Amino acid sequence: MAKREYSFYPGCSSQKGASSSNYLISVQTMCEELEVQLNEIPDWNCCAASIGYAGGGELPRLTLSARNIALSEQHHPGQDIVATCAACWLSTREAAERLHEDQSLLAECNTALAEAGLKLRNETPIKHMAEVLIEDLGYEALKARVKKPLEGIKIAGYVGCQTNRPFGIAGESYENPKYLDKLVETLGGDSIPDYEKKVQCCGGALAFSEPEKSQEMVKGIIEAAYDHGADLIVTPCPVCQMNVEVYQDQINQTYGTKFQMPVVYYSTLMAVAYGRSAKDAALNGQIIPAKALDALAAK
Amino acid sequence: MGELNTAMIERYRNSFLKEVEANVEEGEWVKMCMQCGVCSGSCPLGKFWEHPPQEIFMMIRAGKREAVLQSESVWMCTSCYNCIVRCPRELPITHIMHGLAHYAKRLGLVPKTNPTAKFAQMFWDNLMVKGRVNELKLGLALYFMNGFGDGIKVALKNQKLGMAMMKTGRMNPKEAFGGHAVKDLAGFHKVLKKAQELEDARIAQNGPSAGA
């Protein structure tokens, strides 16, 4: 099978020494197994996420994403852009759509880009990695690679917000998406389709500015996973992963809970199921170790 | 920015709705709100909003300019997009809230102590320096945003978390020196400077000197 190639937008949080560097490592492993080649967009910049709006007005924000798309179109013509971060994907796709609808904004954007010799054609589809897996490759192809089924591991599929709304995965609903559950089943694990917090907001960037409000929501997300007997939570979003995993100590202090719930990326699950090492699956990036996966990877 | 605020009051004296339509990102959608309240009921932080989105839209139409633009509410959006996908009239509510927040900031009307307004500005300033976010510097700036004394307390509270992030390779103290950056930084800055100039020019067109 010929390798599929994509123009890859990794995003700030996936860089070496950044908060989701473990996500990138597991994605690279997963893509090796699936024969997907990721060609990093040369010299990409930050997308301003969903919190850049205080300082960044409409045109400067759109121009950030336009620069990335223009670089992709110049260096990787014909390749779809794929992002692994929900916020990167959302910002980039939103910018592309806004610039399609508003020709005067597009013209202004191109005037700005011309300062660095760039031009946006804005003809490139912008995908999340979950779309690549489910829509481009399909569950059958994902299943064919499984060497170590995640047998007996019960996994709550936490889809979160921005991988799901406003774009989402084709054929899935905003209110009750099932693709993570199907993915868990595809990998041989036990899914929890009635995990009621699957699309509950974790607070996003407000985890930093409004920690008490955010942690109250995260508490609900973890509590529901325990109620369903989950061994771990899986998510496609770096903000979800961080917010739900790393504040559990603080939540335990505030609420007297005893949470110790691992939160992993789908790519970590897949790397383990595909028989790769704990290191390749980036299990060493877990602040709360995913012991069930550590054990399986060591077998 | 007090001058711009005065100019806008002068120009749109009789209609805050028209001011929002002309100056706020996606503001032209506000009049489409049918006051069903689905957005308010769908917001994960809804219970903390002094004025939930539905109310903000009615207040805009009722000309409650200061109450809207000085409100903490427009800084309460987590960008979860629940309201957008549920709105029966498909108002881009998330974007309107961001647009209102940005407009309030441009006019200098942001409540001084609002933590999200501060953090959002820090995020933008941070990414504009090197073209990519420096998480370490952003985190430190966040700890100390309410002064040095408070910063030490917050930093101590988060010390254990910081150590865990470093141990797992998800935080790097070396980012304090330089850190990740785009290579064509000069080009990046030129592009963003031009975008800002064009944005400012468009805003000036809406100002009182545009010869209404």
Hey, got the dipole for the stretch A:1-85? About the Cα centre, +1 on K and R Cβ, -1 on D and E Cβ, debye to the nearest 20? 240 debye
So which cysteines in chain B don't have a second cysteine's C-beta under 4.7 Å from them? B:Cys33, B:Cys36, B:Cys43, B:Cys77, B:Cys87
Partner chain coverage, peptide B:160-171 - average Cβ within 10 angstrom: 5
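Counting only protein chains, not ligands or nucleic acids, how are B:Met32, A:Met129, B:Met122 ordered by accessible area (probe 1.4 Å), most first? Walk me through the numbers before you get to the answer.
Values: B:Met32 80, A:Met129 0, B:Met122 40 Å².
Descending order: B:Met32, B:Met122, A:Met129.
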Would you mind counting up the charge near A:Pro77? Only other residues with Cβ under 13 Å from its Cβ, with Lys and Arg at +1 and Asp and Glu at -1. -2
Return, in residue-number order, each cysteine of chain A whose C-beta is not under 4.7 Å from any other cysteine's C-beta. A:Cys12, A:Cys31, A:Cys46, A:Cys47, A:Cys109, A:Cys202
Charge-dipole axis of chain B as Lys and Arg at +1 and Asp and Glu at -1 on Cβ define it, positive-most pick from B:Phe148, B:Ser71, B:Leu100: B:Phe148
Quick one: net charge of B:Asn134's neighbours, Cβ under 13 Å, K/R +1, D/E -1? +2
Inter-label distance, nm, simple model (7 Å from Cα along the C-beta direction), A:Thr111/A:Gln74: 2.0 nm
Inter-label distance for B:Arg202 and A:Glu40, nm, one decimal - labels placed 7 Å from Cα along Cα-to-Cβ: 3.2 nm
Taking a 28 Å limit on the Cα-Cα distance, which of the listed pairs A:Lys279/B:Lys160; B:Lys130/B:Lys194; A:Lys119/B:Lys18; A:Lys3/B:Lys137; B:Lys64/B:Lys137 fall beyond it? A:Lys119/B:Lys18; A:Lys3/B:Lys137; B:Lys64/B:Lys137
Could you compute the net charge surrounding A:Arg145? Neighbours are other residues with a C-beta less than 10 Å from the C-beta of A:Arg145; K and R count +1, D and E count -1. 0
Binned Cα-Cα distances of the protein assembly as shown, short to long, each 20 Å bin given as a whole percent: 23, 58, 19, 1
Is the stretch A:149-298 best put as rounded, prolate or oblate by its Cα gyration tensor, with a ≥ b ≥ c the root eigenvalues, rounded for a/c under 1.5, and otherwise prolate when a/b is larger than b/c, oblate when not? oblate
If you plug each phi of the stretch B:94-100 into the Karplus form 6.51 cos²θ - 1.76 cosθ + 1.60 with θ = phi - 60°, what whole-Hz ³J(HN,Hα) values come out, in order, with x for Gly and Pro? 3, 5, 5, 4, 4, x, 5
Might you report the magnitude of the Cβ-based charge dipole of the stretch A:50-201 about its Cα centre, with Lys and Arg at +1 and Asp and Glu at -1, to the nearest 20 debye? 480 debye
Checked against the positive end of the charge dipole of the stretch A:25-89 (+1 on Cβ of Lys and Arg, -1 on Cβ of Asp and Glu, about the Cα centre), the farthest of A:Met30, A:Leu64, A:Pro42 is A:Leu64
Nearest 10 degrees is fine. How inclined is helix B:2-11 to the longest principal axis of chain B, computing both from alpha carbons? 20 degrees
Partner shielding of A:9-19, as the mean number of partner chain Cβ atoms within 10 Å, equals 6
Roughly how big is the A-B contact, given as buried accessible area in Å² (both sides, 1.4 Å probe, nearest 100)? 5800 Å²
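Add -39500 (n - 2.57) for each DSSP H run of 4 or more in chain B, then divide by its residues: what number comes out at 222 nm, to the nearest 500 deg cm²/dmol?
It lands at -17000 deg cm²/dmol.
Could the peptides A:58-68, A:203-213 be put in order, highest first, of the mean number of other beta-carbon atoms found within 10 Å of their residues?
Numbers: A:58-68: 26.9, A:203-213: 21.5.
Most protected by this proxy first, the peptides run A:58-68, A:203-213.
Assuming 0.36 nm per residue, please report the length gained on full extension of the stretch B:Lys153 to B:Phe177 beyond their Cα-Cα distance. Working shown, then result.
On the way: separation 24, 0.36 × 24 = 8.64 nm, distance 2.39 nm.
That pair, B:Lys153 and B:Phe177, stretches by 6.3 nm at full extension.
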Rounded tilt (10° steps) of A:58-75 against the dominant C-alpha axis of chain A: 90 degrees
Cα centroid of the stretch A:126-141 to Cα centroid of the stretch B:23-88, whole Å: 35 Å
Run down the aspartates and glutamates and flag those whose C-alpha is under 19 Å from the C-alpha of A:Lys182, throwing out any fewer than 8 positions away in its chain. A:Glu131, A:Glu135, A:Asp136, A:Glu140, A:Glu151, A:Glu172, A:Asp190, A:Asp194, A:Glu196, A:Asp231
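Counting each DSSP H run of 4 or more residues in chain A as -39500 (n - 2.57), what helix-only mean residue ellipticity at 222 nm follows after dividing by all residues, to the nearest 500 deg cm²/dmol? Working shown, then result.
Working: 12 runs with 127 residues, N = 299.
Theoretical 222 nm ellipticity from helices: -12500 deg cm²/dmol.
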Please compute the contact order of chain B in relative form: average sequence separation of alpha-carbon pairs under 8 Å and at least six residues apart, divided by the residue count, as a percent. 20 percent
Near-label residues of the stretch B:1-34 by backbone N, under 18 Å of a point 7 Å along Cα→Cβ of B:Glu66: B:1-17
Averaged over B:102-109, number of beta-carbon atoms from partner chains that fall within 10 Å: 2
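For the stretch B:56-121, run through the trypsin sites (Lys or Arg not before Pro) and keep only the ones in DSSP coil with at most 13 other Cβ atoms within 10 Å of their Cβ. Walk me through the numbers before you get to the answer.
Numbers: sites: B:Arg61, B:Lys64, B:Arg65, B:Arg86, B:Arg89, B:Lys105, B:Arg106, B:Lys112, B:Lys118; in loops: B:Lys64, B:Arg89, B:Lys112.
For trypsin sites (Lys or Arg not before Pro) across the stretch B:56-121 that sit outside H, G, I, E and B with at most 13 neighbouring Cβ atoms in 10 Å, the list reads B:Arg89, B:Lys112.
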Estimated inter-spin distance, A:Lys3 and B:Asn146, nm [label 7 Å along Cα→Cβ]: 5.1 nm
What accessible surface, in Å², does a 1.4 Å probe find on A:His75, ignoring ligands, DNA and RNA and rounding to the nearest 10? 90 Å²
Near B:Lys105, which lysines are there with a Cα under 16 Å away, not counting those fewer than 8 places off in the same chain? B:Lys118
Proximal lysines to A:Lys178, defined as alpha-carbon separation beneath 17 angstrom and excluding residues fewer than eight positions away on the same chain: A:Lys143, A:Lys154, A:Lys197, A:Lys198
Let me know the charge dipole size of the stretch B:2-113 about its Cα centre in debye, to the nearest 20, where only the beta-carbon of Lys, Arg (+1) and Asp, Glu (-1) is charged. 140 debye
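The values are calculated or read from the model by the stated rules, or taken from the named source; none is laboratory data. Computed from a predicted structure; not experimentally measured. Cβ: placed from backbone, ideal geometry, glycine included. Neighbour counts: every protein chain shown. Side chains are part of the model used for accessible areas, which takes the heavy atoms of the whole protein and leaves out ligands, DNA and RNA. Shrake-Rupley method; radii C 1.70, N 1.55, O 1.52, S 1.80 Å.
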